[in-house]
Amino acid sequence: MIAGVGILGLTGYYLSQELLVTGSDNQLFHKAFAKVDEDSKVHELLGPNLKAHGESTNQRNVKSRPLATQRFFDQYGREHVVMQFHVDGDLDTAVVKYEVIMNTQTGNYDYRYLLVDTEKHGRHYLINTDVVPKRSGGLFGIKWGKKNDDINHNN
């Protein structure tokens, strides 16, 4: 009797963690697929009827395909989740890749990037917050001489 209650408790805990917690793989997957499904460019590339699934296995059941997920913490203690899944449309198939970072102030996950790689049309970014810093120019990163503002004010 005690073992049955323990197994029921573990099952309830597992289901609540997978279905109700906002940081679970299933929740992140459903939110990312909703963003992909809302994008008109994706529908233009893949077709109107989109279906998402995890990695291909030998099983015929599409719902039992596992999601490719990696979780890690950066030097600031923020959790990163990198995931990929597949989307099939009427016109083409694609692989969706994204990374989210835990925002420690709000407790939510913010997208670093969300992209769709199609077989026929290449890569389409839905979200890309990777900012590449501009080079400062000049020799060894140092600008020599007067600034343009100094030249304009002196004339």
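Annotations
- The set of residues in segment 100-116 being in a loop (DSSP other than H, G, I, E, B) and under 15 Å from Asp25 (Cα atoms) consists of Asn108 alone.
- The residues of segment 27-41 that are farther than 23 Å from Pro66 by Cβ and open to solvent by less than 70 Å² (accessible area, probe 1.4 Å) amount to a single one, Asp39.
- Single condition Asp74 does not satisfy, out of (1) modelled with pLDDT under 90; (2) closer than 18 Å to Asp37 by Cα; (3) not basic (Lys, Arg): (2)
- Some residue of segment 126-149 being modelled with pLDDT of 85 or more, assigned to a strand (DSSP E or B) and surrounded by 14 or more Cβ atoms within 10 Å (Cβ to Cβ): yes
- For Val95, the conditions (1) modelled with pLDDT of 90 or more; (2) open to solvent by 40 Å² or more (accessible area, probe 1.4 Å) all hold with the exception of (2).
- Filtered residue count, segment 63-85, keeping only those that are assigned to a loop (DSSP other than H, G, I, E, B) and charged (D, E, K, R): 3
- Any pair with Cβ under 7 angstrom, 6 or more apart, that starts in segment 39-51 at a residue that is free of Cβ contacts under 8 Å to residues at least 60 places away in the same chain and ends at one that is β-branched (Val, Ile, Thr) and in a helix (DSSP H, G or I): none
- Look at (1) surrounded by 10 or more Cβ atoms within 10 Å (Cβ to Cβ); (2) at pLDDT below 85 and you find that Asn58 fails only one, number (1).
The values are calculated or read from the model by the stated rules, or taken from the named source; none is laboratory data. Predicted, not measured: the structure shown is a model, and the values here were computed from it. Heads up, the Cβs are rebuilt from the backbone with ideal geometry, glycines too, and the neighbour counts pull from every protein chain shown. For accessibility, only protein heavy atoms count, side chains too; no ligands or nucleic acids. Shrake-Rupley method; radii C 1.70, N 1.55, O 1.52, S 1.80 Å.
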